[in-house]
Amino acid sequence: MNKKTLTFKAEVRELLDLVVHSLYSKKEIFLRELISNASDAIDRAQYEGLTDKRLVADSPVWEIGIVADKKARTLTIGDNGIGMSADEIEANLGTIARSGTQTFLETLKAQAGSNAPEMIGQFGVGFYSAFMVADRVVVDSLRRGEGQQAVRWSSDGEGRYTLEPSDRTVPGTAITLHLRKEQDEWLEEWEIKSLVKRYSNFIAYPIRFAADGKDVDPKSAPLNTMRALWRRARNEVKEEEYAEFYKHLSHDLNAPLRTIHFSAEGQLEFRALLFLPEKPPFDLFLPDRKHGLHLYVRNVFIGADFEALLPEYLRFVKGVVDSSDLPLNVSREMLQDDAVIRKIRANLVGRVLSELESLKRDRVEAYTDFFRGFGRVLKEGLHFDHENGAKLKELLLFPSERTAGSGLISLRQYRDAMPSTQTEIYYLTSDSLENARQSPQVEAFRRRNLDVLFFADPVDEWILDTLDEYDGCKLRAIDRGEIELGNDEEKAESKKQREADDKQYRPLLDLIRAKLADDVKEVRLSTRLTDSPCCLVADEHAMNPGMLRMMRAMGQPVPKQLRSLEVNPAHPLIARLRKLFDADRESAQLAECVSLLFDLALVAEGSQPRDPRAFTQALTNQLAKE
Ligand code: ADP
Ligand code: MG
C-alpha cells in the first residue's frame with residue numbers, strides 16, 4: 001500500500017469546521033468519546049470472537065491504555081479491540097453514512113454554544129471531537145483476523161487525511177492526539193484520572209494510565225471501577241452512580257428523570273437498569289435515531305441499540321438488559337423474533353408505563369414537562385401498541401379551553417370535571433393551539449362553561465382512530481355534525497327557536513347555498529356560534545384530515561369533501577345580508593357579501609381564503625361603501 005491523500009466527504013468537512021472553529025465549551029468530552037470507541041471496539045472483538053476463534057487467536061486480555069507524553073505534547077488512547085482495515089478506516093473516519101446528517105449539522109450550528117459537544121456523541125460522530133483539542137490526529141490500527149495489514153490514518157482536520165502502512169504489530173487501535181496550543185491540561189495525570197472517574201468509570205474493561213510516553217503497565221491499578229451497576233442490589237447503588245452511568249450511556253448532560261432498576265426472577269430471569277431522560281435528545285425524530293437499550297447475556301456485551309427490546313415509541317428509554325436465558329452466540333436478527341426477548345419486552349414495557357403513571361400521580365409538574373418533550377412519541381404508541389392502549393390513554397395530556405392554552409390536562413381530569421348533563425368528551429383538532437382557541441366553534445362551549453380539549457399536535461389526528469372513547473364517553477369533534485348543548489328543556493326550547501328562525505331565513509340560506517354550490521354542502525343556522533357570524537362544519541362521518549393526507553401520500557384518489565356553512569342569525573352581519581336580500585336578491589353587492597362570508601369562515605379557522613386577491617378586493621369594496 002502506498003501513501004495516499006484523500007479528501008473528507010462534504011458532511012465531514014462541515015462537521016470538522018464546526019468542531020474546530022465553533023465549539024469551545026466542554027472540550028473534555030473528547031476523552032469520553034475516544035474511550036467509548038475503544039470500549040465498543042473491544043465489545044465487538046469479544047462478541048465476534050465467540051463465533052470466530054481466529055479473531056481472538058492471541059487470547060487477548062482486554063484493556064484500554066492512555067499514555068500522556070509531555071515532551072512530545074501527545075495523548076494516546078489505545079485498545080486491543082477489533083481494529084480497522086484500510087477500507088474500514090476510510091469508511092468510518094472519512095464519511096458519515098447516516099441519514100439525518102444535514103439536520104444534525106444544522107442543529108449543531110444553531111446550538112454551537114453550551115451543549116453542542118454532547119450532540120456529537122449522541123449522533124454517533126464522537127471521534128471527530130478529538131479535533132477540539134488536537135490539531136493533528138493519528139490513528140494506527142491493525143484489524144483482528146488473519147492476513148491483515150496495519151494502517152495509519154492521519155489528519156489535521158482541514159479537509160484532507162492520509163492513509164499509509166503502519167508499523168503497529170498488535171491487533172487493535174491507537175489514537176494519538178497532537179494537542180493544540182494551550183491544551184496541555186490533557187497531559188496531566190490528575191486531569192485524566194478525574195475525567196475517567198467522571199465519565200468512564202463504568203467502562204467494562206480496565207483503563208490504565210502511563211505518563212512520560214512510557215508503556216502502560218498491565219499490573220498497575222485501573223482508573224475505573226468497572227463494576228456493572230445493574231448486577232448490584234438497588235440499595236447498594238448511590239444516586240450519583242446511577243446518574244454517571246446514565247450520562248455514560250446517553251451522552252446526556254443532565255441526570256435522568258427516573259431510574260428503574262430491577263431483577264426479574266422465576267420463569268424468566270433477567271436484570272434491567274432503565275433510565276427515563278428529562279429532556280428529549282435532539283434526534284428523537286430523526287430517521288437514524290438510536291434506540292436506547294444495550295443487551296448483555298450473562299454480563300457479556302451483545303449489542304447496543306437493541307430495537308427488539310422495546311417498541312419504537314419507547315426509544316427514549318436508555319439502559320441495559322442482562323439476560324441469563326439467551327444463548328451467548330445470538331445474532332441481532334435471531335433476536336428480533338425470539339420468544340424470550342418478546343417476554344422481556346412485554347415486561348419492560350409494563351415497567352416503563354407504570355413508572356410514567358406513578359410519575360404522573362406523584363409529580364404532576366415534572367410529568368407535564370416530560371410530556372411536553374415526549375408526548376408525541378407516546379402518542380405513536382397509542383397508534384401501534386393496542387395491547388397497552390388503556391395504559392397509554394391514561395398517560396396522555398392535552399391543552400384545553402379551560403386551561404387557557406398554557407396547562408395540560410389528562411382525559412381523567414377532563415372526565416371528572418364534566419357536568420352531569422355532559423355525556424361526550426368535546427375536542428377540536430386544529431393545526432395550532434392559537435387557531436383552536438380562537439376558533440368560532442368554541443364560542444357556545446365557552447359560554448356554557450363546557451371544556452373542550454384541543455388536539456393541535458400534528459400527530460393527534462392519527463391517534464383519533466384509536467382514541468374514540470374514554471371511560472364510557474365518546475370523543476366528539478365540535479366542528480363536525482350538528483351540536484345541541486344544554487339540558488333537555490333548553491334543547492327543546494332552542495329547537496323551537498331554530499325552526500322559527502329557519503322559516504324566516506330559509507330563502508336567504510337557499511340563496512347562499514346556491515351561490516356557494518362549489519364550496520359548501522349545506523347552509524344552516526348555527527347552534528354553536530355566539531360572537532362570530534359564521535363557521536364551517538364537517539360531516540359527522542367525514543374523514544379526518546390525517547386520513548386524507550395519508551390517502552394523498554399513498555396516491556389514492558381523494559374524495560372532495562365539502563363542509564357545511566353555519567351562520568349565526570344573531571350576528572349583525574347576517575342581519576345585513578338579510579336586508580340586502582330583502583331589497584334585491586339579485587344585487588352584485590349581496591353576491592359579493594356571500595362570497596366574503598365563506599372566506600371569512602376560512603380565515604377564522606386559520607385557513608387561507610380561496611383567492612386572497614379576490615378576497616381583499618371584495619373586502620376593500622365593502623369597507624369603502626358608505
Ligand atoms: P460511533 O462510535 O457512534 O459509531 P464515532 O465517530 O465515535 O461514532 O466512531 C466512528 C466509527 O469509527 C465507529 O463506529 C467505529 O467503526 C470506528 N472506530 C472509532 N474508534 C475505533 C476504535 N478505537 N477501534 C475500532 N474502530 C473504531
Ligand atoms: Mg463513538
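The values are calculated or read from the model by the stated rules, or taken from the named source; none is laboratory data. Given the structure is predicted, the values throughout are model-derived calculations rather than measurements. Every residue, glycine as well, gets a Cβ built from its backbone with ideal geometry; the counts of neighbours run over all protein chains shown. All accessible areas refer to the heavy atoms of the entire protein, side chains included, with ligands and DNA or RNA removed. Shrake-Rupley method; radii C 1.70, N 1.55, O 1.52, S 1.80 Å.
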Report the calculated FRET efficiency for Thr103 and Ser324 (r = Cβ-Cβ distance, R0 = 56 Å), to the nearest 0.05.
0.90
Looking at the P(r) of the range 110-204, how many percent of alpha-carbon pairs lie beyond 19 Å?
58
In whole Å and largest first, what semi-axes does the C-alpha gyration tensor of the range 404-477 yield when each eigenvalue is scaled by 5 and square-rooted?
18, 16, 11
From the cross-link list Lys26/Lys71; Lys393/Lys560; Lys53/Lys343; Lys318/Lys379, which pairs have alpha carbons spaced over 21 Å apart?
Lys26/Lys71; Lys393/Lys560; Lys53/Lys343
How large are Rg and Dmax for the range 229-371 when only the alpha carbon atoms are used, in Å?
14.8, 45
Cα axis of helix 572-583 to longest principal axis of the chain: angle in degrees, 0 to 90, nearest 10?
40
By what distance, in whole Å, do the Cα atoms of the range 96-138 stretch along each of the three principal axes, largest value first?
28, 26, 14
Modelled FRET efficiency - R0 51 Å, Ser358 with Lys53, Cβ distances, 0.05 increments
0.60
So in the chain, what percent of DSSP beta bridges are antiparallel if you round to the nearest 5?
75
Two-decimal Rg to Rh for the range 315-381 - Kirkwood Rh, Cα set:
1.08
Calculate the tail of P(r) for the range 343-464: the fraction of all Cα-Cα distances greater than 23 Å, expressed in %.
33
Angle check, please: helix 101-110 long axis (alpha carbons) against the longest principal axis of the chain (alpha carbons), in degrees 0 to 90, nearest 10.
80
Treating only the Cβ of Lys, Arg, Asp and Glu as charged (+1, +1, -1, -1), what charge dipole size does the range 530-599 show about its Cα centre? Round to the nearest 20 debye.
240
Could you work out how far helix 339-362 tilts from the main Cα principal axis of the chain, as a 0 to 90 degree angle to the nearest 10?
60
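Stokes-Einstein D for the chain at 10 °C, 1.306 mPa s, Kirkwood Rh over Cα pairs, in µm²/s?
Rounded, D is 55 µm²/s.
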Order the peptides 263-272, 244-253, 598-607 from the highest to the lowest mean number of other Cβ atoms within 10 Å of their residues.
244-253, 598-607, 263-272
Roughly what percent of Cα-Cα pairs across the range 33-140 reach past 23 Å?
40
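So if I average 1/r over every pair of distinct C-alpha atoms in the range 196-288 and take the inverse, what Kirkwood radius in Å does that give? Mind dumping the intermediate values first?
On the way: mean 1/r = 0.0645 Å⁻¹.
Taking every pair of different Cα atoms in the range 196-288, averaging 1/r and inverting gives 15.5 Å.
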Evaluate the charge dipole of the range 4-210 about its Cα centre and quote only its size in Debye, nearest 20, assuming +1 on the Cβ of each Lys and Arg and -1 on the Cβ of each Asp and Glu.
140
Rg to Rh quotient for the range 393-432, alpha carbon positions, Kirkwood Rh
0.95
Percent relative contact order of the range 56-135, based on C-alpha pairs within less than 8 angstrom and at least six residues apart?
17
Can you compute log10 of I(q)/I(0) for the range 431-512 with the Debye formula, treating each Cα as one identical point scatterer, at q = 0.14, 0.23 Å⁻¹?
-0.69, -1.21
Treat every Asp and Glu Cβ in the chain as -1 and every Lys and Arg Cβ as +1, leave all other atoms uncharged, and give the resulting dipole magnitude about the Cα centre to the nearest 20 debye.
360
Computed helical MRE - 222 nm, the chain, DSSP H runs ≥ 4 contributing -39500 (n - 2.57), nearest 500
-12000 deg cm²/dmol
Could you give each residue of the range 237-246 its phi-based ³J(HN,Hα) in whole Hz, using Karplus coefficients 6.51, -1.76, 1.60 with θ = phi - 60°, and x for Gly or Pro?
9, 7, 3, 5, 5, 4, 4, 4, 5, 4
Which links in Lys70/Lys279; Lys496/Lys579; Lys474/Lys496 stretch past 32 Å when you go from one Cα to the other?
Lys70/Lys279
Straight-line reach from Lys4: which aspartates and glutamates have Cα under 18 Å away, leaving out those fewer than 8 places along the same chain?
Asp87, Glu88, Glu90, Asp140, Asp156, Glu158, Glu164, Asp167
Rounded to the nearest angstrom and ordered from largest down, what semi-axes does the equivalent ellipsoid of the range 481-576 get from its C-alpha gyration tensor (root of 5λ)?
29, 17, 11
Rounded to the nearest whole Å², what accessible area per residue is found for the range 10-119 with the 1.4 Å probe?
42
Where q = 0.08, 0.14, 0.15 Å⁻¹, what log10 of I(q)/I(0) comes from the Debye formula for the range 4-210, counting one point per Cα?
-0.26, -0.83, -0.96
Give me a comma-separated list of calculated 3J(HN,Hα) values for the range 267-282, in order, Karplus coefficients 6.51, -1.76, 1.60 applied at θ = phi - 60°, integers in Hz, x for any Gly or Pro.
4, 10, 10, 7, 10, 9, 10, 10, 10, 9, x, 7, 10, x, x, 5
Positive end of the charge dipole of the chain (Lys, Arg +1 and Asp, Glu -1 on Cβ, about the Cα centre): tell me which of Leu268, Phe370, Leu508 has its Cα farthest that way.
Phe370
